[in-house]
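A.B. asks: Would you mind keeping the following structure in view while I ask a few things?
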Amino acid sequence: MTVPKDSNEKFSAYAHPEVLVSTEWLEANLGTPGLVIVESDEDVLLYDVSHIPGAVKIDWHTDLNQGVVRDYIQGPEFAELASRSGIKRESTVVIYGDASNWWASYALWVFKLFGHTDVRLLDGGREKWIAEGRPVTKDETVVEATEYPIIERDDVTDRAFRDQVQAHIGKPMVDVRSPQEYNGERTHMPNYPQESALRAGHIPGAQSVPWARAANEDKTFKSREELEAIYLGEKGLKVDDDVIAYCRIGERSSHTWFVLKYLLGFGKVRNYDGSWTEWGSLVGAPIVLGDEPGVFSK
Amino acid sequence: MTSIEQSLNDLGSEFAELGVKDRLTLLLEIAGELPELPARYADHPDLLERVEECQSPVFLFVEVENDRVGIFLTAPEEAPTTRGFASILHQLLNGHTVAEVLAAPEDIPDRLHLKDAVSLLRINGLRGMLNRIKRQVAEKA
């Protein structure tokens, strides 16, 4: 770890306190050698309107995805992206974004596919930083290109594919979409009809925990105690469970993946990035309607 | 008045000639040109229709007077891409006749050369706005 962690009291209760930084910490650490700040937004122009001084932009759609195949970039492209973003393998990377850090969480997840050790999220993201009146700039960040090794993407540890999801039916799964998407009233999230599927409902056995239950009004994560009450208490998950989380394209479930893995310390959590846009259109895939998880007999 | 087809060709060529980064800069400039809502709508958000296809809250209202179409769109400051799309449609369609707006090309979103810069998923918001403008024009003509 290049830059010392944020010793914020709230974070110290989490299983991995080193994965979060507060807005106070980040402002105090602007310009610290070894720290690279990355903005990753839903809106592709927002960074250009204003960003945290020194931050670079990495866009999930245009930088982290392949242009043709539905998949993430490979090791050489990731090395190139890191290099032009001024990131070294040992850099401390702090990611923040709009929309409650969905895309920041998603970018962090992709960094983890490439095994980048020290990646952290800004608790509260862009919204909290702006709301607190902290410094922003329009100035272009001048980056000195770095050397970043070519790392083979790890699609095993944190990522689940459709066949694995099929085999996982009967084991813990978390559907983080809205209740209407879960029970089958709609094939897409409110306001996102373009990311639709041919069928509505949920994967048999998946429990419904909308992602936002993990967040406070100010977009920060809830305390460990509050999170445990939801995922362990109410939903009965255990930290040694093997859990798969999904949503529609994997961005909201990255947020929940982050919560389960780093804040609550689950040993095995995977994000099914194919999510509902794949499962809900997959020929023959079993689906359950209604508010109950349901069962599927193979 | 320049035809919608001609304006679209001009704007499409302007984007096409730029690199990806400059396309975003141009879109941001266009976003800045979106006119403020007149008081009669700014004070009455209930009159405006929400564009559900857009990820951020976009609202629109269409007026038809003497066969001319007036288009009013608003989107939050923190959604500059959506403001850019709204502003493009405003620039292309505002002030044209009912027949011209109804006949406006359905593939406006595809002819702007923004796919690489903005991504396919995001451009779909523009499609939603266009469809709703046309529907309101047809209803009010």
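The values are calculated or read from the model by the stated rules, or taken from the named source; none is laboratory data. Please read these numbers as outputs of a predicted model, since none were measured by experiment. Every residue, glycine among them, receives a Cβ derived from its backbone with ideal geometry; neighbour counts consider all protein chains shown.
A.B. asks: So which of A:107, A:82, A:15 ends up being under 22 Å from residue A:268 (Cα atoms), not in a loop (DSSP other than H, G, I, E, B) and not polar (S, T, N, Q)?
C.D. replies: A:107
A.B. asks: Determine whether region A:4-12 contains at least one residue that is on the phi < 0 side of the Ramachandran plot and part of a strand (DSSP E or B).
C.D. replies: no
A.B. asks: Among the numbered conditions (1) polar (S, T, N, Q); (2) under 19 Å from the mean Cα position of the chain (by Cα); (3) surrounded by fewer than 18 Cβ atoms within 10 Å (Cβ to Cβ), tell me where residue A:196 comes up short.
C.D. replies: (2)
A.B. asks: So, one more: In this structure, does residue A:196 turn out to be hydroxyl-bearing (Ser, Thr, Tyr) and in a loop (DSSP other than H, G, I, E, B)?
C.D. replies: Criteria met by residue A:196.
A.B. asks: Between A:213, A:159, which is over 30 Å from residue B:127 (Cβ atoms) and buried (at least 21 other Cβ atoms within 10 Å of the Cβ)?
C.D. replies: From the options A:213, A:159, the qualifying one is A:159.
A.B. asks: Mind checking which residues of region A:61-99 are within 14 Å of chain B (Cβ to nearest Cβ) and touching a Ser or Thr at 6+ places or on another chain (Cβ under 6 Å)?
C.D. replies: Scanning region A:61-99 gives A:61, A:62, A:97.
A.B. asks: Still on this model: Would you check which residues across region A:18-31 are surrounded by 14 or more Cβ atoms within 10 Å (Cβ to Cβ) and either on the phi > 0 side of the Ramachandran plot or in a loop (DSSP other than H, G, I, E, B) (or both) and list them?
C.D. replies: A:22, A:29, A:30 - these are the residues of region A:18-31 that are surrounded by 14 or more Cβ atoms within 10 Å (Cβ to Cβ) and either on the phi > 0 side of the Ramachandran plot or in a loop (DSSP other than H, G, I, E, B) (or both).
A.B. asks: If you don't mind, there's one more thing I want to ask. Where residues in region B:99-110 are away from chain A (no Cβ under 14 Å) and buried (at least 18 other Cβ atoms within 10 Å of the Cβ), which of them is farthest from residue B:71 (Cα to Cα)?
C.D. replies: Per the criteria, the residue is B:108.
A.B. asks: Got a sec? Which helices (runs of 4 or more DSSP H) wholly within region B:6-95 have at least 1 residues that are in contact (Cβ under 8 Å) with a residue 40 or more places away in the chain and either within 14 Å of another protein chain (Cβ to nearest Cβ) or surrounded by 14 or more Cβ atoms within 10 Å (Cβ to Cβ) (or both)?
C.D. replies: Once the helices (runs of 4 or more DSSP H) in region B:6-95 are filtered for at least 1 residues that are in contact (Cβ under 8 Å) with a residue 40 or more places away in the chain and either within 14 Å of another protein chain (Cβ to nearest Cβ) or surrounded by 14 or more Cβ atoms within 10 Å (Cβ to Cβ) (or both), what remains is B:20-32, B:80-93.
A.B. asks: Can you name the number of the only condition in (1) in a helix (DSSP H, G or I); (2) in contact with a Lys or Arg (Cβ under 8 Å, 6 or more places away or on another chain); (3) more than 22 Å from residue B:3 (Cβ to Cβ); (4) in contact (Cβ under 8 Å) with a residue 40 or more places away in the chain that residue B:101 fails?
C.D. replies: (3)
A.B. asks: I've got another one for you. What are the residues in region B:111-126 that are within 14 Å of chain A (Cβ to nearest Cβ), under 14 Å from the mean Cα position of the chain (by Cα) and surrounded by fewer than 21 Cβ atoms within 10 Å (Cβ to Cβ), if any?
C.D. replies: Of everything in region B:111-126, those that are within 14 Å of chain A (Cβ to nearest Cβ), under 14 Å from the mean Cα position of the chain (by Cα) and surrounded by fewer than 21 Cβ atoms within 10 Å (Cβ to Cβ) turn out to be B:123, B:124.
A.B. asks: Any idea which of (1) in a loop (DSSP other than H, G, I, E, B); (2) buried (at least 19 other Cβ atoms within 10 Å of the Cβ); (3) not polar (S, T, N, Q) is the one residue A:94 doesn't satisfy?
C.D. replies: (1)
A.B. asks: Scan region A:203-216 and tell me whether some residue there is touching a residue at least 60 places away in the same chain (Cβ under 8 Å), assigned to a loop (DSSP other than H, G, I, E, B) and in contact with a Leu (Cβ under 9 Å, 6 or more places away or on another chain).
C.D. replies: For region A:203-216, residues touching a residue at least 60 places away in the same chain (Cβ under 8 Å), assigned to a loop (DSSP other than H, G, I, E, B) and in contact with a Leu (Cβ under 9 Å, 6 or more places away or on another chain): absent.
A.B. asks: Can I ask one more? Filtering region A:49-60 down to residues that are within 12 Å of another protein chain (Cβ to nearest Cβ) and in a loop (DSSP other than H, G, I, E, B), which residue is surrounded by the most Cβ atoms within 10 Å (Cβ to Cβ)?
C.D. replies: The qualifying residue surrounded by the most Cβ atoms within 10 Å (Cβ to Cβ) is A:59.
A.B. asks: Check A:134, A:153, A:177 and return the single one that is away from chain B (no Cβ under 14 Å), modelled with pLDDT under 95, surrounded by 12 or more Cβ atoms within 10 Å (Cβ to Cβ) and part of a loop (DSSP other than H, G, I, E, B).
C.D. replies: Every option except A:177 fails the conditions.
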